[in-house]
Amino acid sequence: MKIIALMLMVFLLITGTNAQKISINTFIGVANYQGDLQEKRFTFKQAHPAVGAGLSYEATEKLLLNGGFTLGNVSASDKNNSKNTSRNLDFSSNITEGHLTAEYYFENLYEHSISPFVFAGIALYNFSPYTKDSAGKKYYLKPLSTEGQGFLANRKYYNINQLSIPFGGGVKFALSDNVRLGVEVGMRKLFTDYLDDVSTTYVDRNLLLQNRGAKAVELAFRGGELKNGAVYPAADSKRGGAKVKDWYYFTGLTASFKIGGGDGSGKAGKGIGCPAKVY
């Protein structure tokens, strides 16, 4: 959270203190993910609530610079994954993200009431996948080294604080010069395949037991919990697909409120009337 706060301070220093060009932004919607336990690129299945807030600076009437944070939760289960039901894995993870983005409108919302927009930038996020065992007790998965991270020479611990590339778009509606509502979809390009703690192959059962204990073995492969469950797979057999990195994304509604009023140009504002031109 300290790093996220620092990002917002940098944003304020970059954009200056012209209140007429600064807006407060809010977001409410859902978070979801794509990876080894959910292979669809975009879906509302297994989605969870997400909220966000931040500030934007109007560099021009069609280009905004945004800084903010978003909180959400992602999860998935092999019970909903037709290709790997016998693996029987599941995970959840809270996502805490701070981001800096540039947002471009295709129409001037001081002259039009609606405009599509796109955005892209950089983000820093924190995640920590966890699950619950058959007794309902919660376990964070990174310390269990379910794929041998930390004790196999070629598998290092993954970092739970990472950079991502946010990008996406949507539609904004101008209710007045100072109030805008929007609908957006924001994808996150990640550089890890361990958002869900699943990536490569199974580590040898006895080696995992020796280094991390029985609970690690239990949660690395959960097919034995099924009615016709299988035994722990052979070492180096496929557990996930490391070639394709994980993704997460936010979908929802936004609202923006200009702090100082006016039209963002430093000139006298047009009040709270409707935009001069509509479609």
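Against the chain, whose longest principal axis is taken from its Cα atoms, helix 2-15 shows a tilt of about 20°.
Rolling a 1.4 Å probe over the protein heavy atoms gives the range 73-205 an accessible area of 40 Å² per residue. Highest mean packing first, where packing is the average number of other Cβ atoms within 10 Å per residue, the peptides 220-227, 37-44, 21-28 line up as 21-28, 220-227, 37-44.
Peptide packing: for 116-123, 229-236, the average count of neighbouring Cβ atoms within 10 Å per residue gives the ranking 116-123, 229-236, highest mean first. Averaging Cα coordinates gives a centre for the range 152-187 and one for the range 23-42; these two points are 8 Å apart. Taking R0 as 25 Å, what FRET efficiency do you get between Glu61 and Thr96 from their Cβ-Cβ distance, rounded to the nearest 0.05? Here the calculated transfer efficiency is 0.15.
A probe of 1.4 angstrom, applied to the heavy atoms of all protein chains, finds Ile160 with accessible area near 40 square angstrom. Adding -39500 (n - 2.57) for every DSSP H run of four residues or longer, then dividing by how many residues the chain holds, sets the calculated 222 nm ellipticity at -3000 deg cm²/dmol.
Just the number, please: carbon plus sulfur as a percent of the accessible area of the chain, 1.4 Å probe, no ligands or DNA/RNA counted. Carbon-and-sulfur percentage of accessible area, whole number: 62.
For the residue pairs Lys62/Lys245; Lys45/Lys156; Lys40/Lys156; Lys45/Lys215; Lys215/Lys238; Lys40/Lys243, the C-alpha atoms sit more than 24 angstrom apart in Lys62/Lys245; Lys45/Lys156; Lys40/Lys156; Lys45/Lys215. In this calculation the C-beta distance from Asn80 to Val171 is compared with R0 = 35 Å, giving a FRET efficiency of 0.70. Here Lys227 is the anchor, and the lysines within straight C-alpha reach of less than 19 Å, apart from those fewer than 8 places off in the same chain, are Lys79, Lys83, Lys132.
Summary value for the chain: 24 percent relative contact order, contacts being C-alpha pairs under 8 angstrom separated by 6+ residues. The ratio of the alpha-carbon radius of gyration of the range 29-81 to the globular-protein estimate 2.2 N^0.38 Å is 1.56.
If a spin label sat at a point 7 angstrom from the Cα of Lys132 along the line to its beta carbon, the backbone N atoms of the range 194-223 nearer than 17 Å would be those of 219. Binning at 5 angstrom from zero up to the longest distance, how are the C-alpha pair distances of the chain distributed in percent? Distribution as computed: 1, 6, 12, 15, 15, 12, 10, 8, 7, 6, 4, 3, 2, 1, 0 percent. The order of the peptides 195-201, 66-72 by mean Cβ neighbours within 10 Å, most packed first, is 195-201, 66-72. Accessible area per residue was computed with a 1.4 Å probe on protein heavy atoms; Tyr104 scores about 90 Å².
The values are calculated or read from the model by the stated rules, or taken from the named source; none is laboratory data. Computed from a predicted structure; not experimentally measured. For neighbour counting, all protein chains shown are included, and Cβ atoms are generated from backbone atoms with ideal geometry for every residue, glycine included. These area figures cover heavy atoms from the full protein model, side chains too; ligands, DNA and RNA do not enter into them. Shrake-Rupley method; radii C 1.70, N 1.55, O 1.52, S 1.80 Å.
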